[in-house]
Amino acid sequence: MNKKVAIIGGGIVGASAAYYLSSLPGGSQISVTLFDHGTGQATKAAAGIISPWLSKRRNQHWYQLAKDGATTLMTLARRANLSTEVYQQTGTIITRTNEKDLHDLYVLAQERREEAPDMGKVERLTAQEVQERIPLLTNPQPGIYVSGGARVDGEALISALLEQAQQVNLAVKHERVALDKQGNILTSSGQQHFDNVIIAAGPWLNELVKPLGIHVAVRPQKGQLIELAVPAYESRENMPVLMPEGERDFIPFGHGKLIVGATHDDEGGFNLTATPEATQDLLSSAKQFADYLTADNIIRTKVGTRAYTPDFAPFFGRLKNYPQLLVASGLGASGLTTGPLIGRLLAGTLIYGGTPDWSNYEKPLTNYLS
């Protein structure tokens, strides 16, 4: 009889776990059901930059997770044959206006590259060279180019992963579920028992595990981005993505499409209404680098809800008193980078068993669960 696994949450962790449960050796012997209500999911509203290597965050657990996560996503893109509309290594440009800051960033890049060969080529660029690579810009700044950087469409990514898993062993149920005191799943058709459950519900994790007497130190954060119509450059369809200092990310997708974002609203909670203030913030940031942009260029806005922990670090693993349950949350704004690796680790432990040591990637679960 096949082992039965449920996944609660169809964002980047849940979709990645489902994909790996269908593609890793031995996974096809598992029956997987994914429950997702689809409202407010951060991944569906996300377009991200995969380029963690020059982060100055002091949390080394996070850096190792993000560094290896970037490598995981590169490999996943090849094995899943993801289209360039979903994921593409376009390279990343990180800009600085101060000469010393730019020099220090370049030195850091050279140091990090020693242990992260997937960074690829590192170059220091003048403002003019930045503009040559991203002709959308009218006010370029000097920066550091990292060829291994990539852009990813979050909604398209999870759609592709789930579609492939559904061809093997995955059933997707679009509904909100709950847990009872024993950890069984309560669905619209009654209680259902699974051998294992991966709870990858982002900021909704606290609500789900409350019947188990568990409190999770995780909070919601509202994020908004905008999509703009911009000039198309047939010879520059694969422009690098731009990470400017103190401004919102500038992500060209080619074919006249530009994504700018996202905002970080700690007061917005689970509110999914796009606000004029956030839209203006994003547009003003974009105008710092492309002064011809106006509100008329905006095609649409997207809003999602991220999960954050007090130390801004993700956590994941098996619940001590409910070993059939595995949890993951707190990915914050780096979910598209770290989520695929977390999904693979959770899927792997369900297929192969054992108690793997993930301490190089995260602090103990007891830091976040009580």
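Tally time: how many residues in the range 83-105 are over 20 Å from Asn238 (Cα atoms) and buried (at least 17 other Cβ atoms within 10 Å of the Cβ)? The qualifying residues number 3.
Condition first: surrounded by fewer than 24 Cβ atoms within 10 Å (Cβ to Cβ) and either closer than 15 Å to Thr72 by Cα or of a type in the set (S, T, N, Q) (or both). Now tell me which residues in the range 313-333 satisfy that. Across the range 313-333, the qualifying residues are Asn321, Gln324.
Being among the charged types (D, E, K, R), touching a residue at least 60 places away in the same chain (Cβ under 8 Å) and part of a helix (DSSP H, G or I) holds for only one residue in Glu111, Glu155, Glu129, and it is Glu155. In the range 21-53, the residue that is modelled with the lowest pLDDT out of those that are among the β-branched types (Val, Ile, Thr) and farther than 21 Å from Gly268 by Cα is Ile49. Scanning the range 234-252 for residues that are at pLDDT 90 or above and under 20 Å from the mean Cα position of the chain (by Cα) yields a total of 10. Checked against the criterion of being open to solvent by 40 Å² or more (accessible area, probe 1.4 Å) and touching a strand residue (DSSP E or B) at 6+ places or on another chain (Cβ under 9 Å), the candidates Asp180, Asp153, Asp195 yield just one match: Asp195. A single entry from Val209, Val197 fulfils the requirement of being among the hydrophobic types (A, V, I, L, M, F, W, C), assigned to a strand (DSSP E or B) and in contact (Cβ under 8 Å) with a residue 40 or more places away in the chain: Val197. Checking each residue in the range 198-214 for being within 29 Å of Thr301 (Cα to Cα) and surrounded by fewer than 21 Cβ atoms within 10 Å (Cβ to Cβ) picks out Asn206, Glu207. Go through the range 215-225 and report how many residues are surrounded by 18 or more Cβ atoms within 10 Å (Cβ to Cβ) and more than 30 Å from Thr294 (Cβ to Cβ). Number of matching residues: 3.
With respect to the stated conditions, Thr75 fails to be among the polar types (S, T, N, Q), farther than 19 Å from Gly154 by Cα and modelled with pLDDT of 95 or more. Output the residue which, of all residues in the range 253-266 that are assigned to a loop (DSSP other than H, G, I, E, B) and in contact (Cβ under 8 Å) with a residue 60 or more places away in the chain, is nearest to the chain's Cα centre (by Cα). Ranking the candidates gives Ala262 first. If I filter the range 266-275 for residues that are in the same structural domain as Gly26 (by the TED database) and over 30 Å from Arg96 (Cβ atoms), do I get at least one hit? No, that holds for no residue.
If the condition is being open to solvent by 10 Å² or more (accessible area, probe 1.4 Å) and part of a strand (DSSP E or B), then the range 226-252 contributes Glu227, Ala229, Met243, Asp249. In this structure, Phe289 does not satisfy being open to solvent by 60 Å² or more (accessible area, probe 1.4 Å) and either without any contact (Cβ under 8 Å) to a residue 40 or more places away in the chain or touching a Pro at 6+ places or on another chain (Cβ under 7 Å) (or both).
I'd like the residue in the range 64-82 that is touching a residue at least 12 places away in the same chain (Cβ under 8 Å) and assigned to a loop (DSSP other than H, G, I, E, B) and, out of all such residues, is least open to solvent (accessible area, probe 1.4 Å). Going through the qualifying residues, I end up with Ala80.
The values are calculated or read from the model by the stated rules, or taken from the named source; none is laboratory data. Please read these numbers as outputs of a predicted model, since none were measured by experiment. Cβ coordinates were reconstructed from backbone atoms using ideal geometry, including for glycine residues, and neighbour counts include every protein chain displayed. Keep in mind that these areas ignore ligands, DNA and RNA; they rest on the heavy atoms of the full protein, side chains included. Shrake-Rupley method; radii C 1.70, N 1.55, O 1.52, S 1.80 Å.
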